[in-house]
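I have placed the structure first, in the form of structure tokens, so that the comments after it can refer back to it.
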Amino acid sequence: MSPELRRLTHEVPPALEIEHLHVSYDGMRALSDVSMVVPEGSVVALLGPNGAGKSTLLRSVSGLVRPESGRIAVHGVRVDRRPAHATARLGVVHVPEGRGIFPSLSVQENLEMCIYAVGHDVDPVGGAVARFPVLGQRLKLPAGSLSGGEQQMLALARALLSRPRLLMVDEISMGLAPLIVQQLFDALRERAKAGTSLLLVEQYIDAALELADYVYVLEKGRIVDVGEPADVRRGGLASAYLGS
């Protein structure tokens, strides 16, 4: 852990703290002794090859996966034995890999789902259309009929409208055109500037590094390096991630 990261985590409780996390599926180890921190108000990028365990880590935080052992705390509250809905009440919002939408519901109905999280003092349609205008032309369509990029806009818009304190985003750019990716990252950047803590799993390394304050590299279920984006650009973490 860098001196700056260590200093921040001692000054205020971190948005997320993971200690010695172990997770297995059907007897196969997916995460081994993973420890990491997302300081309050920071952006942390979690990089690594396919199958490294990145999605499992996010699912463990949100309560979709039960760890074998270890500790997960969100804003100082331990969550590794809480159900997913209890973790969500702490302000944890998870945009999963592969389009986090309800495909059979309309775009408008998908957006209105966030009312259950934050109440009626939010304008889900107006807020989403202000961020992603194309959604305003799709409100009555089934969400599953949208293009891949529009579905990701919908998933991210609903997540942002849920007023997250810790937003976890898993491969939001996967399979999308660069112009769409730029719009999605612009929305994430805006939310980060507003002070929301972000944990970002991303295949576009340049985009992730440009947004991140800190970077962790996960390989074969283990954290193999941690540092700041400049460390990656200098090659300090690139060998672990790229295998070079």
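With the condition kept exactly as written, say whether any residue in segment 82-105 is surrounded by fewer than 17 Cβ atoms within 10 Å (Cβ to Cβ), in contact with a Phe, Trp or Tyr (Cβ under 8 Å, 6 or more places away or on another chain) and not charged (D, E, K, R). No, because not a single residue in segment 82-105 is surrounded by fewer than 17 Cβ atoms within 10 Å (Cβ to Cβ), in contact with a Phe, Trp or Tyr (Cβ under 8 Å, 6 or more places away or on another chain) and not charged (D, E, K, R). For segment 141-154, the set of residues classified as aliphatic (A, V, I, L, M) and buried (at least 21 other Cβ atoms within 10 Å of the Cβ) consists of ALA143, LEU146, MET153, LEU154, listed by residue number. Looking only at segment 23-39, filter to residues that are in contact with a Gly (Cβ under 8 Å, 6 or more places away or on another chain) and among the β-branched types (Val, Ile, Thr); which one of those is surrounded by the fewest Cβ atoms within 10 Å (Cβ to Cβ)? Restricting to residues being in contact with a Gly (Cβ under 8 Å, 6 or more places away or on another chain) and among the β-branched types (Val, Ile, Thr), the top hit is VAL23. Looking across segment 24-44, the residues that are in contact (Cβ under 8 Å) with a residue 60 or more places away in the chain, over 18 Å from LEU167 (Cβ atoms) and not hydroxyl-bearing (Ser, Thr, Tyr) come down to ARG29, ALA30, LEU31, ASP33, VAL34. If you take the residues in segment 101-127 that are of a type in the set (Gly, Ala, Ser) and either closer than 10 Å to LEU161 by Cα or in a helix (DSSP H, G or I) (or both), which one is nearest to the chain's Cα centre (by Cα)? Step by step, filter segment 101-127, then rank; the result is ALA117. Name the one entry in LEU105, LEU47 that is touching a residue at least 60 places away in the same chain (Cβ under 8 Å) and in contact with a helix residue (DSSP H, G or I) (Cβ under 8 Å, 6 or more places away or on another chain). After applying the criteria, what remains is LEU47. State yes or no: is VAL118 of a type in the set (Val, Ile, Thr) and closer than 15 Å to ARG191 by Cα? Answer is no for this residue. Put simply, of LEU184, LEU166 the only residue that is touching a Ser or Thr at 6+ places or on another chain (Cβ under 7 Å) and within 24 Å of ALA30 (Cβ to Cβ) is LEU166.
Since every read-out is calculated from the coordinates, none of them should be taken as a lab result. The structure presented is a predicted model; accordingly, all values stated were derived computationally and were not measured. Glycine also receives a Cβ, built like all others from the backbone with ideal geometry; neighbour counts cover every protein chain displayed.
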